[in-house]
1. Please report Rg (one decimal) and Dmax (integer) in Å for the Cα set of the stretch 182-233.
2. Ignoring ligands, DNA and RNA, what percent of the 1.4 Å accessible area of the chain is carbon and sulfur?
3. Where the only charges are on Cβ atoms (+1 Lys, Arg; -1 Asp, Glu), what is the dipole of the chain about its Cα centre, to the nearest 20 debye?
4. Can you give me the three principal axis dimensions of the stretch 196-306 from its C-alpha atoms, in Å, biggest first?
5. Show me, for the stretch 198-206, the HN-Hα J-couplings you get by feeding each phi into the Karplus relation (A = 6.51, B = -1.76, C = 1.60, θ = phi - 60°), rounded to Hz, glycine and proline as x.
6. For an R0 of 22 angstrom, estimate the FRET efficiency from the Cβ-Cβ distance between Ser146 and Val275 and round to the nearest 0.05.
7. Using the alpha-carbon atoms, what tilt in degrees (0 to 90, nearest 10) does helix 17-26 show relative to the longest principal axis of the chain?
8. Just to check I understand the Karplus step: with θ = phi - 60° and J = 6.51 cos²θ - 1.76 cosθ + 1.60, what whole-Hz values come out for the stretch 229-240, glycine and proline as x?
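The values are calculated or read from the model by the stated rules, or taken from the named source; none is laboratory data. Values in this document were obtained by computation on a predicted structure and should not be read as measured data. In this analysis, Cβ positions are derived from the backbone assuming ideal geometry, glycine residues included, and neighbour counts consider all displayed protein chains. Just the protein is used for accessible areas: all its heavy atoms, side chains included, with ligands, DNA and RNA removed. Shrake-Rupley method; radii C 1.70, N 1.55, O 1.52, S 1.80 Å.
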Amino acid sequence: MVKATELQYIKHADIDHSKWDRCIDEALNSRIYACTWQLDRAATRWDALVLGDYEFVMPLPFRKKMGIRYLYQPLFSQQLGIYPTPDKKISELFYAYLDKHFRYVELNLNAGNISAKNITSTTFSARKNYLLSLGESYQNIVSFYSKNTRRNIAKADKNYLSLVEGIRLETYLDFKLQNLAPGVKRSDINTLKSMIAYGQYKGFGEIYGVYSSENELCAAVYFCRWKDRVIYFNAASSDSGKELGAMYFLVNRFIQKNAGRNLTLDFEGSMIPGVARFYAGFGATPETYFQLRINRLPLPLKWLKR
């Protein structure tokens with residue numbers, strides 16, 4: 001039995017990576033974002049809360065600004081939070097620690113974490129992820145596509161597009177740089193490169209690309225498998241790719257190839273309505289997770305995270 005008094009703040013240098021990764025690997029709510037190798041690439045610095053002998057863990061990526069240390073959500077890391085799935089008592093123990101020791105926190109929990117109402121300065125905002133089970137036949141999965149998605153796939157199929165599996169990382173990154181999404185800086189591409197390179201090295205990541213009839217790359221996705229999930233981890237599309245419906249073509253072909261397997265396609269979700277509709281159009285259903293936020297900064301410093 002884990003005792004509440006065993007909750008410890010552990011600095012990064014003192015974390016037992018072997019025990020940590022075992023905890024994440026065996027958790028029912030396991031997410032790739034919480035593995036030490038992923039955290040080391042996503043976050044410049046991170047410490048941790050550990051309960052017992054790594055029976056429950058929570059990564060704490062942090063930065064400093066104006067002498068104030070605060071917790072933030074690293075790029076390319078959708079869900080962090082507590083692992084494995086905690087009960088109400090353990091959840092509130094972790095949340096209360098954050099509320100007491102940090103003046104600013106903005107962290108995404110994972111879908112296995114609950115919200116709490118009695119933590120003084122902490123608020124929880126619901127966010128949506130989108131998941132699609134690939135266990136059924138392709139014909140059955142397609143029957144749940146929206147009319148708009150079917151229409152876009154039909155148009156794309158007439159544009160002489162071709163799908164290539166396993167395109168080179170350098171090709172993808174060059175394409176990504178040419179078509180940066182809002183909020184992604186060129187400097188962030190080095191972080192993404194490290195993540196994808198490791199995933200390819202370990203054999204659980206692959207890049208799919210769509211080429212136009214002129215043999216130009218117009219859409220690409222890095223898919224990363226973790227447990228029984230295949231994550232739509234990162235994507236890029238050119239203006240011509242959008243016009244040609246290349247991403248509809250790519251995702252449909254990926255589903256067609258993997259239908260009938262005991263896998264879930266994890267779209268990672270989006271709070272942008274148009275992107276969410278794209279995911280939902282393939283029959284993906286929403287999964288709720290929470291963003292935990294604490295802001296006890298004095299009024300002149302409320303802009304700290306901006």
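1. Using the Cα atoms of the stretch 182-233, the pair Rg, Dmax is 12.9, 37 Å.
2. Details: 7350 of 14940 Å².
Of the solvent-accessible surface of the chain, carbon and sulfur hold 49 percent.
3. Details: 42 positive and 29 negative charges, 217 e Å.
Rounded to the nearest 20 debye, it is 1040 debye.
4. Largest to smallest, the principal-axis extents are 57, 34, 31 Å.
5. 5, x, 5, 4, 7, x, 10, x, 8
6. Numbers: r = 14 Å, r/R0 = 0.65.
Approximately 0.95, to the nearest 0.05.
7. It works out to around 60 degrees.
8. Coupling constants for the stretch 229-240: 10, 10, 8, 6, 6, 7, 9, 8, 8, 8, 4, 5 Hz.
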